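The structure appears right after this line, and notes come after that.
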Amino acid sequence: MNLFKNFSWGVTTAAAQTEGAYDKDGKGPSIWDEFTKKSHKIKDKSNAKVATDFYHCYKEDIDLAVAIGLKIFRFSISWPRVIPEGTGTVNQKGIDFYNKVIDYCLIVGIEPWITTYHWDLPQKLQDKGGWANREIISWYVAYVAVLRDHFADRVHYWILINEGIVCIGGGYFLGVHAPGKKGIRNFISGTHHLLLAQAEGFKVLKQKEGLQVGTAISCTKIEPYRNTFADQKAAKRIDTLMNRLFIEPHLGLGYPIDDLPILKRISKYYNEGDLEALKTDFDFLGIQTYTREVARAAWYIPYLGALQVKPKKRNVATSVMGWETYPEGIPYFLERFAKYDPEKPLWLTECGMALSTDEDDQERIEYYKKVIQGMKAVLEKGIHVKGILLWTLVDNFEWAEGYIPKFGIISLNQKTLQRKMKKSAIWLKEYLSNMNMK
Ligand code: BGC
């Protein structure tokens, strides 16, 4: 039996990491444009003013994806390119750009998928508090309505918000991502508003018939350091934060307060009816997973009472991100999420590994072989997974890590902007073409 018969392969990209053209054709500044001005925040002191110049090179990139045999091209819309001030006037040139991307995908026969939000909030909205301001629900809803009205005639698959935990955790709690805010109050309020915005955004998109609308959830396998009660409880708190907080309220399960008591504070931000409003019957769930983390109890760490035991200390191999490469997390999370609702289609909407090398990326090939193995095991069990989207096509701006980690299957010469298929892209091309012949 060909397990991959009704299964799709594609790739995920994101505007802030690829487009460049940061102030071209009326685009407003995003929080990442602002954040990268503080060069000490970015490991190689770089920024994304040019990035991969997808703004000008989109045809070449889409052609490369097609040449490899990929069938889905997921990209995100830059909110400040479409609505420079965050609310109000729509920038027609921004709309024109995404129309060109979508139309080109359709011409060359690859399905365009839209992510409405992959972390590049308009700076103007951050000036008003960003995700910590409840008004963001209405700002986001108005933005999503603009996207629906312009693009939903041709784009059928939509992902609302990419990885809420990374967006709010990195940007509003740890301060390592834009907008660089810290603290529990920002985190708690940002979490609640982001989830409410996503739930409302879902309703706005579903006003148009025939759309498939989902979300993309960051998942990290968490294990206790020692087999003690304290470490197990610590691991459970971290697991709740990383893997449950940004999905269970949508599934009607409420906030997982019992396993992460600090979440009690969210009630401070509740308006009447909020818990009901959060319930969202997504058409699919997107799982994204890269690594595994180990937690141990640490009573002196505020809110979480837990510490991460770094991979280096555990003597496991790490990628240039400092992460343990862990494709085993893919079957684990697909099975785990299928338990919420076995009927709900799942997609692996991101997976990948970072290397510091350019073209000879044999390690990445080994990684993807394991991904395929894990996926086969899951499909054999009858779990409803519909496809894999790789992270990512072309080496790009890896947020606070700058351009050091290379996640692409295509390399980029940053000076000439020349693209070149890596060994992994050539391997994948062959793999996909052999599969199609079966
Ligand atoms: C994000 C990407 C990011 C990748 C690797 C995912 O969490 O969606 O934007 O580049 O991980 O860090």
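The values are calculated or read from the model by the stated rules, or taken from the named source; none is laboratory data. On a predicted model such as this, the values are computed, not experimentally measured, just so you know. Every residue, glycine among them, receives a Cβ derived from its backbone with ideal geometry; neighbour counts consider all protein chains shown.
In the set Ile247, Ile217, only one residue is part of a loop (DSSP other than H, G, I, E, B), within 16 Å of the ligand (Cβ to nearest atom) and modelled with pLDDT of 95 or more; that residue is Ile247.
Each residue in region 378-406 was checked for being assigned to a loop (DSSP other than H, G, I, E, B), more than 10 Å from the ligand (Cβ to nearest atom) and closer than 22 Å to Ile365 by Cα, and 4 pass. For beta carbons closer than 6 Å, sequence separation of 6+ or different chains, a first residue in region 14-28 that is at pLDDT 95 or above and a second that is of a type in the set (Phe, Trp, Tyr), the qualifying pairs are Ala16/Trp32; Gln17/Phe397; Thr18/Phe54; Glu19/Phe54; Glu19/Tyr55; Gly20/Tyr55; Ala21/Tyr55.
Matching residues to (1) closer than 14 Å to Trp9 by Cβ; (2) part of a loop (DSSP other than H, G, I, E, B); (3) within 16 Å of the ligand (Cβ to nearest atom):
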| position | (1), (2), (3) |
| --- | --- |
| Tyr368 | yes, no, yes |
| Val371 | yes, no, yes |
| Gly408 | no, yes, yes |
| Lys429 | yes, no, no |
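For region 1-26, the candidate set comprises residues that are buried (at least 24 other Cβ atoms within 10 Å of the Cβ) and within 21 Å of Asp96 (Cβ to Cβ); within that set, the residue that is nearest to the ligand (Cβ to nearest atom) is Ala14. Among the residues of region 57-86, those that are part of a loop (DSSP other than H, G, I, E, B), free of Cβ contacts under 8 Å to residues at least 60 places away in the same chain and surrounded by 17 or more Cβ atoms within 10 Å (Cβ to Cβ) comprise Pro84, Gly86. Is it the case that region 300-315 has a residue that's surrounded by 15 or more Cβ atoms within 10 Å (Cβ to Cβ) and at positive phi? So far as region 300-315 goes, yes, one or more of its residues are surrounded by 15 or more Cβ atoms within 10 Å (Cβ to Cβ) and at positive phi. You will find that of Asp63, Asp103, Asp53, the residue that is more than 16 Å from the ligand (Cβ to nearest atom) and within 27 Å of Gly201 (Cβ to Cβ) is Asp103 and no other.
Per the conditions (1) surrounded by 18 or more Cβ atoms within 10 Å (Cβ to Cβ); (2) without any contact (Cβ under 8 Å) to a residue 24 or more places away in the chain, the sole criterion not satisfied by Leu241 is (2).
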